[in-house]
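One structure is given here, and the rest of the page talks about it.
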Amino acid sequence: SSKTFWTTTGMFPQELIIGFPKCVKISKVAIECYLVRTLRIERSVCKDPVGFEQCIEKDLQHTEGQLQMEEFPLPDFQATYLRFIIKSAFDHFVSVHRVMAEGT
């Protein structure tokens, strides 16, 4: 829902994990967030959310008063779980409004 979002509790790093019913092939991940400075995306191909490996880490551009929209192409990428780690922010609190994964 575009009316809901996830917000941090004020200290960093903060993380959220998204799980899929089985290991899937992902071609692209997109995120809409607010006031995130540094974002890391990790993946796990395990049955449980363990054994994560880093895939992407990026410093996002500050967009005052607007959502940050970032897309990450991921060729030949498989995951059962994706972990999004917000390492730092432009303010004390940030929000994540949408996470999208494309693939099969």
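If you go through the stretch 74-104 and keep only what is farther than 17 Å from residue 32 by Cβ and modelled with pLDDT under 95, you end up with 74, 75, 76, 77, 92, 103, 104.
Would you please name the residue that is most open to solvent (accessible area, probe 1.4 Å), looking only at residues in the stretch 10-29 that are touching a Phe, Trp or Tyr at 6+ places or on another chain (Cβ under 8 Å) and within 18 Å of residue 89 (Cα to Cα)? Before you say what the answer is, go through the steps one by one.
Going residue by residue through the stretch 10-29, those that are touching a Phe, Trp or Tyr at 6+ places or on another chain (Cβ under 8 Å) are 10, 15-20, 25-29.
Right, trim to within 18 Å of residue 89 (Cα to Cα) and you get 10, 15-16.
Values: 10: 21, 15: 94, 16: 34 Å².
Only one residue fits best here, namely 15.
Residues that are in contact with a Ser or Thr (Cβ under 6 Å, 6 or more places away or on another chain) and exposed (fewer than 13 other Cβ atoms within 10 Å of the Cβ) within the stretch 52-78 comprise just one, 59. Scan the stretch 45-104 for residues that are outside any strand (DSSP E or B), under 22 Å from residue 2 (Cβ atoms) and small (Gly, Ala, Ser) and the total you get is 1. Residue count for the stretch 79-104, restricted to those that are more than 14 Å from the chain's Cα centre (by Cα) and surrounded by fewer than 14 Cβ atoms within 10 Å (Cβ to Cβ): 4. Against the list (1) on the phi > 0 side of the Ramachandran plot; (2) open to solvent by 40 Å² or more (accessible area, probe 1.4 Å), the condition residue 35 fails is (2).
Being over 11 Å from the mean Cα position of the chain (by Cα) and under 24 Å from residue 73 (Cβ atoms) narrows it down to one residue among 15, 42, 53, 32; which is it? Walk me through it before giving the result.
Details: 15 fails: over 11 Å from the mean Cα position of the chain (by Cα); 42 fails: over 11 Å from the mean Cα position of the chain (by Cα); 32 fails: over 11 Å from the mean Cα position of the chain (by Cα).
None of the other options fit; the residue is 53.
The values are calculated or read from the model by the stated rules, or taken from the named source; none is laboratory data. Keep in mind it's a predicted model, so treat the numbers as computed, not measured. FYI the Cβ positions are ideal-geometry reconstructions off the backbone, even for glycines, and counts take in every protein chain you see. Heads up: the accessible areas ignore ligands, DNA and RNA and are worked out on the full protein's heavy atoms, side chains in. Shrake-Rupley method; radii C 1.70, N 1.55, O 1.52, S 1.80 Å.
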